1. Condition first: touching a strand residue (DSSP E or B) at 6+ places or on another chain (Cβ under 7 Å) and at pLDDT below 85. Can you find one or more residues in the range 12-28 that meet it?
2. For a quick check of your reading of the model, give me the residue pairs whose first member lies in the range 108-122 and is at negative phi, whose second is assigned to a helix (DSSP H, G or I) and open to solvent by 20 Å² or more (accessible area, probe 1.4 Å), with beta-carbon atoms closer than 6 Å and at least 6 apart or on different chains.
3. Can you tell me which residue within the range 80-134, out of those that are loosely packed, with under 12 Cβ neighbours inside 10 Å and of a type in the set (S, T, N, Q), is farthest from A63 (Cα to Cα)?
4. Output the number of the condition that I57 fails; it satisfies all remaining conditions of (1) open to solvent by 50 Å² or more (accessible area, probe 1.4 Å); (2) β-branched (V, I, T); (3) modelled with pLDDT under 85.
5. So, in the range 60-76, of the ones that are open to solvent by less than 20 Å² (accessible area, probe 1.4 Å) and more than 13 Å from the chain's Cα centre (by Cα), which residue ends up modelled with the highest pLDDT?
6. Here is a check on your reading of the model: is Y94 part of a strand (DSSP E or B) and either modelled with pLDDT under 90 or hydroxyl-bearing (S, T, Y) (or both)?
Amino acid sequence: MIKMLLSGAWGACVALVCAQVAMTWGAPSGAAAPERPQPTPVKLSPLSVPIIADGKIQGYIVARLSFSADGARGKTAPAALDAFLSDEAFRTIYSDESIDFRSLKKHDLAAFAEKVVERVNARLGGPVVLNGFVDEFNYVPIEEARRGPPRGETKPPR
């Protein structure tokens, strides 16, 4: 009878030790891994920026932009993040002297998006905006803007 009780106690101890080892085997050590920021998408409404040359409006740049922001820091930003992004994108396009549609050339959209991200982060005092994406970047001459879409169409032709 005693042998049976000792065997049962021994089995219970082995089961408890095995359960403890199994619980701690895959657990991380004392130092927690650094937490990655969870990006939050921020999609801006389309911007319409006038292009002025020779004292007249020559046309408009219509741009649709989106950004990814640090979710935790974006919530603590002093104001709506999309307002800062729209304002800085408008300022960057409006003040860019290299945009001249009388002599067409490629515009570096990656550098443009990076510049907007840098300027917004500088205004907010930290890395709140992670990346910038250009969804659409079109030039509409003033003649087409005044004329509007053709009859029967609700969207401008692509």
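The values are calculated or read from the model by the stated rules, or taken from the named source; none is laboratory data. It should be emphasised that the depicted structure is a prediction, and the values quoted were computed from it without experimental measurement. Heads up, the Cβs are rebuilt from the backbone with ideal geometry, glycines too, and the neighbour counts pull from every protein chain shown. All accessible areas refer to the heavy atoms of the entire protein, side chains included, with ligands and DNA or RNA removed. Shrake-Rupley method; radii C 1.70, N 1.55, O 1.52, S 1.80 Å.
1. No, the range 12-28 contains no residue that is touching a strand residue (DSSP E or B) at 6+ places or on another chain (Cβ under 7 Å) and at pLDDT below 85.
2. What qualifies is V120/F84.
3. Here the residue is S103.
4. (3)
5. A63
6. No.
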